[in-house]
Amino acid sequence: MSSPLGEFLDAHRGAELHKAARALLREPLLLAGGPQADGFRLVRRYAAELREWFDRNTGWPLRVDAESARLLRTPGTAADPTHPAREVSRSRAPFTRRRYVLLCLALAALERGEAQIALGRLAEQVVLDAADDHLAAAGLEFTLERRDERLDLAAVVRLLLHLGVLRRVAGDEDAYVSGSGDVLYDVERRVLAGLLAARRGPSLITADGFAERLAGLTAETALDSDELRFRAIRHRLTRRLLDDPVLYYDELSDDELTYLTRQRAFLTSRITELTGLVAEVRAEGIAMVDPPGDLRPGGAALDLTDVRMPEQGTYGHVTLLLAEHLAAASGPVAEAALGARVRELARQHAGFWAKSARQPGAEAELTGQALERLTALGLVARTAAGVVPRPALARYAVGEPVVRPAPGSGKAPEQ
């Protein structure tokens, strides 16, 4: 029989492994220093167990050394645009096309550069590389002479600082943007080298189109046996269950749906054991739901999503109310009609919403942000016909209230 001490140690170890996995899934690149240090220490302690789990169930390699832990995580669906890179600021504004190009050019310049670099020097290299004929043909031009272009480069650099690729030595990005100063950085080359999560190097891909090149980056090795094909299906399904808010059956191939039908309990239980996510199975698909911290194994831990619902504040309230409204709709709803609904809601909740949300014209921004959140969560789809509710949105539908008598009143309960 196991002793109470042994049971306690097993539970403690399980809780730590659970937190380590959640830390990696929340931030696939963890550094030994800074705000992620606690998560990094746990990942390093349980590296062997985590490496085995991810390799078996997802095919994602895990690399851990004394300075960083990197889960080479590739998404279940490469064409999902609802979770972009975002500014490292309170606004969390999504990256534009120009910022993505600047990010790639900056990474290429840092790869060729020295152990230290100034922001002005990095900008010069980016401008030189941006003169490439392919970028010009795509309508992209960078001189970094305008303030908005320098703001874009500063946003890229702040993301690299957050990721640990750069470490600020002296100066400030705001001074560079205003033209009054420069910034000096150390380049963390080990972190930079592990940043790209791809099956093949970009220089080995000869396809022309963006979709084709992206497919080439993430293409798996050709499979020549049933065992390898089943393993590939298991990897794809587990990735999507971990990555996607909802896995809808109608998005799967026949082989994937057949495998999931037979192995659903095994797949979802493995994810629950590692992460604490709970499978919510419906007729249309599966959602791995993150329960409150006090219901998770090991208690409170890191949230696993960059988009939460419900969420506090004006934007969170707008999103929840629009979700309720759309859940009651029988078909597509025009975005203009949703804007009108938000104007009505602003009058109803004037005492609780931020003052800016009650200004004329604010409904367009409120509606847009709410729809971005609902789309990212797999609850609605934005189409040419309007906003279409998806099946998972039904969990936010509000039914008719049921009035029940007080205990001991002697009246039959009302249905």
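Being in a helix (DSSP H, G or I) and of a type in the set (A, V, I, L, M, F, W, C) is the filter; apply it to segment 29-49 and report the residue that is farthest from the chain's Cα centre (by Cα).
Among those that are in a helix (DSSP H, G or I) and of a type in the set (A, V, I, L, M, F, W, C), it is Ala48.
Determine which single condition Gly14 fails, assuming it passes every other condition in (1) in a strand (DSSP E or B); (2) more than 25 Å from Ala219 (Cα to Cα).
(1)
Can you report the number of residues in segment 268-314 which are part of a helix (DSSP H, G or I), acidic (Asp, Glu) and modelled with pLDDT under 75?
The qualifying residues number 1.
I need a count of the residues in segment 28-69 that are in contact (Cβ under 8 Å) with a residue 24 or more places away in the chain, of a type outside the set (A, V, I, L, M, F, W, C), surrounded by fewer than 21 Cβ atoms within 10 Å (Cβ to Cβ) and under 20 Å from Leu161 (Cα atoms).
So the answer is 4.
I'm checking my understanding of the structure. Among residues of segment 327-340 that are closer than 25 Å to Ala93 by Cβ and touching a residue at least 24 places away in the same chain (Cβ under 8 Å), which one is surrounded by the fewest Cβ atoms within 10 Å (Cβ to Cβ)?
Out of the qualifying residues, it is Glu335.
List every residue pair whose Cβ atoms sit under 9 Å apart, with the two residues 6 or more apart in sequence or on different chains, where the first one lies in segment 123-146 and is in the same structural domain as Gly181 (by TED's automatic domain parsing) and within 20 Å of Gly113 (Cα to Cα) and the second, anywhere, is modelled with pLDDT of 90 or more and of a type in the set (Ser, Thr, Tyr).
Ala123/Tyr176
Taking interchain pairs and intrachain pairs at least six residues apart, which have beta carbon atoms under 8 angstrom, with the first residue in segment 186-207 and farther than 30 Å from Asp172 by Cβ and the second aliphatic (A, V, I, L, M) and not in a helix (DSSP H, G or I)?
These pairs meet every condition: Ala197/Leu72; Arg199/Ala219; Arg200/Ala219; Pro202/Leu196.
Among the residues that make up segment 97-104, is at least one of them at negative phi, free of Cβ contacts under 8 Å to residues at least 40 places away in the same chain and part of a loop (DSSP other than H, G, I, E, B)?
No, segment 97-104 has no match at all.
Can you name every residue in segment 284-293 that is free of Cβ contacts under 8 Å to residues at least 40 places away in the same chain and under 20 Å from Tyr248 (Cβ atoms)?
Across segment 284-293, the qualifying residues are Val289, Asp290.
Among the residues of segment 173-189, which ones are farther than 16 Å from Arg121 by Cβ and surrounded by fewer than 16 Cβ atoms within 10 Å (Cβ to Cβ)?
Asp174, Ser178, Ser180, Arg189
Evaluate segment 218-226: report whether one residue or more is within 30 Å of Val64 (Cα to Cα), loosely packed, with under 15 Cβ neighbours inside 10 Å and of a type in the set (Asp, Glu).
Taking every residue of segment 218-226 in turn, at least one turns out to be within 30 Å of Val64 (Cα to Cα), loosely packed, with under 15 Cβ neighbours inside 10 Å and of a type in the set (Asp, Glu).
Can you give me the number of residues within segment 51-76 that are part of a loop (DSSP other than H, G, I, E, B) and farther than 19 Å from Arg231 by Cβ?
Residues flagged as part of a loop (DSSP other than H, G, I, E, B) and farther than 19 Å from Arg231 by Cβ within segment 51-76 amount to 3.
Inside segment 109-158, can you point out the residues that are modelled with pLDDT of 90 or more, over 28 Å from the mean Cα position of the chain (by Cα) and among the acidic types (Asp, Glu)?
Glu114, Glu124, Asp129
Among the residues of segment 249-258, is any aromatic (Phe, Trp, Tyr) and under 23 Å from the mean Cα position of the chain (by Cα)?
Looking for residues that are aromatic (Phe, Trp, Tyr) and under 23 Å from the mean Cα position of the chain (by Cα), one finds at least one in segment 249-258, hence yes.
Can you find, within segment 341-353, the residue that is nearest to Thr383 (Cα to Cα) among those that are loosely packed, with under 13 Cβ neighbours inside 10 Å and either outside the structural domain of Glu363 (by TED's automatic domain parsing) or among the small types (Gly, Ala, Ser) (or both)?
Ala350
Considering only residues that are β-branched (Val, Ile, Thr) and outside any loop (DSSP other than H, G, I, E, B), look in segment 111-152 and name the one that is farthest from Arg190 (Cα to Cα).
The extreme case among them is Val127.
The values are calculated or read from the model by the stated rules, or taken from the named source; none is laboratory data. Computed from a prediction, not measured in an experiment: that's the story for all the values here. No Cβ is skipped: glycine too gets one built from the backbone with ideal geometry, and neighbour counts run over all protein chains shown.
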